[in-house]
1. Give the distance, in whole Å, between the Cα centre of segment 220-238 and the Cα centre of segment 44-99.
2. Over the chain, calculate the relative contact order: mean separation of alpha carbon pairs under 8 Å at least 6 apart, over the residue count, as a percent.
3. Which value, in Å², gives the accessible area per residue of the chain when a 1.4 Å probe is used on the protein heavy atoms?
4. Quick one: if you stick a label point 7 Å off each Cα along the C-beta vector at Arg243 and His55, how many nm between them?
5. Return the lysines within reach of Lys9: Cα separation strictly under 18 angstrom, same-chain partners fewer than 8 residues apart disregarded; answer none if there are no such residues.
6. In the chain, with Lys and Arg counted as +1 and Asp and Glu as -1 at Cβ, which of these residues, Phe106, Phe212, Trp307, has the Cα nearest the positive end of the dipole, that is, farthest along it?
7. Between Glu54, Glu98, Glu201, which gets the highest mean-square fluctuation from a Gaussian network model of the chain, Cα cutoff 10 Å?
8. Which whole-Hz couplings ³J(HN,Hα) result when phi for each residue of segment 141-146 is put into the Karplus expression 6.51 cos²θ - 1.76 cosθ + 1.60, θ = phi - 60°, listed in order with x for Gly and Pro?
Amino acid sequence: ICDPSVTDKIGDGWITDLSQIAKLKPLVEDEDARREFMEIKYQNKVRLAKYIKEHNGIDVDPRSIFDIQVKRLHEYKRQLLNILHIMYLYNQIKEHPEMSFYPRTFIFGAKAAAGYLRAKETIKLINSVADVVNNDRSINGKLKVVFIENYRVSNAELIFAAADVSEQISTASKEASGTGNMKFMLNGAPTLGTMDGANVEIVEEVGAENAFIFGLTADQVINYENNGGYDPMQYFNNDPDIRNVLMQLINGTYSNGDFNMFHEIYDSLLNTNCSDRADTYFILADFKSYAEAQKKVEAAYRDSEGWAKMALLNTASAGKFSSDRTIQQYVDEIWHLDKVTIEE
């Protein structure tokens, strides 16, 4: 987003007053501006693809959709939902090689999860799925999976700028706020997410038609938690796609025949005898809604002009998400100060 072309278009005031980024909104209807914006995005994708090749040894196509989820690895943030859906997509491609499918590159990134067993199991699953998918020549590169190690500021600068899709898929009611979604938005990546945390405010700013919202609401989640009634086995028994994906966790598909490697993940989703109730974060409840939202992402991306408008509008609508604005709101509404002075 710090490309000088932004300053060329609207001046440099936006650098210290992010609300001025809204001056980009009229350019959403400017074909040349949209083309320039998307060319910047493409060059950022080329840059990230080079980083991935150098650090992961994986060739990714910058013309594919860069679908990115980078954040702390935690069960409520539901990286597991993301990778289970990738397994589902892979199954679809294998079963229907003739199907129309826009190439996708799914990128994960997270800090180390020392001492957090389920998080480490999820990281292992992501990398194991990547090993299978990325080395299957029969799918002709339609699907790639990358886990960027040691997620930090220096590679985040590459990642946010290259994102086409911002994955913000925490279980509704669990995310206090989140800031990664704001960084993605500022860099022109529409949000794919639940109505949770700052996603709610992002949708208010950019409009629901310029985001991809899915899943249970916070009220629905809280009702299940307080009153019961959620049975993940219903999804397992009644949805063959979900059942097939979950069975692949325990039949050795992604573990070189080791049936136990991902059995704890399988049990966490279905086994009510675990210490917590099964599927604590409602992954199976939201799975098909998430899959449908992903189909909408693909359809929208195929409309290059429409996508360019959506991407540019996300950037132009990000002015609210500034720490300067937040602090000023504290001054006005919490501290009730006419001015802030710093005494030496």
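1. Using only Cα atoms, the two centres lie 29 Å from each other.
2. Working: 489 pairs, mean separation 72.4, N = 344.
It comes to 21 percent, rounded to a whole number.
3. Numbers: 16520 Å² over 344 residues.
Result: 48 Å² of accessible area for each residue.
4. 4.1
5. Correct list for Lys9: Lys23, Lys25, Lys41, Lys309.
6. Phe106
7. Looking only at Glu54, Glu98, Glu201, the largest GNM fluctuation is found for Glu98.
8. Listing the rounded values in order: x, 5, 9, 10, 10, 9 Hz.
The values are calculated or read from the model by the stated rules, or taken from the named source; none is laboratory data. Just so it is clear, the model here is predicted, and its values are computed rather than measured. Here Cβ is always computed from backbone atoms with ideal geometry, including for glycine, and neighbour counts include all displayed protein chains. Note: areas computed on protein heavy atoms with side chains; ligands, DNA, RNA excluded. Shrake-Rupley method; radii C 1.70, N 1.55, O 1.52, S 1.80 Å.
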